[in-house]
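The values are calculated or read from the model by the stated rules, or taken from the named source; none is laboratory data. This one's a predicted model, so the numbers in the text were calculated from it and none came from an experiment. Note that each Cβ is placed from the backbone with ideal geometry, even for glycine, and that neighbours are counted across all protein chains shown. SASA here: full protein model, heavy atoms, side chains in, ligands and nucleic acids out. Shrake-Rupley method; radii C 1.70, N 1.55, O 1.52, S 1.80 Å.
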Amino acid sequence: MNVSKDDITEEKIISLLEKKLMSTSELAKLLDVRRDMVVGYLEALKDQGKVEMLIIGRSHVYKPKKPED
């Protein structure tokens with residue numbers, strides 16, 4: 001799924017994360033944007049309580065936060 005930088009949206013990121021846990025690098029590759037752009041979006045979504053970060057080994061991965069979490 002390649003999208004332009006203007007097409008990155010909260011819905012697209014959350015939709016991808018609902019399919020599986022992903023790192024910022026994985027999301028950046030799927031969205032065809034720089035990793036630092038994805039980091040900014042994920043930080044904002046995390047601050048809004050819409051995603052959460054998990055540490056698995058040395059990797060930081062993200063998943064959508066469920067209302068009951």
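Taking the helices alone, the chain has a mean residue ellipticity at 222 nm of -13500 deg cm²/dmol, built from -39,500 (n - 2.57) per DSSP H run of at least 4 residues and averaged over all its residues. Counting charges near Ser25 (Lys, Arg +1; Asp, Glu -1) among other residues having Cβ under 12 Å from its Cβ returns a value of +1. Of the solvent-accessible surface of the chain, computed with a 1.4 Å probe over protein heavy atoms with every protein chain present, carbon and sulfur atoms account for 49 percent.
Accessible surface for the chain, divided over its residues, is 66 Å² per residue with a 1.4 Å probe.
Within the straight-line cut-off of under 21 Å between alpha carbons, the lysines reachable from Lys20 are Lys12, Lys29, Lys46, Lys50, Lys63, Lys65, Lys66, sequence neighbours fewer than 8 places apart in one chain being disregarded.
Size check on the chain: the Cα extents along the three principal axes, sorted descending, read 33, 26, 20 Å.
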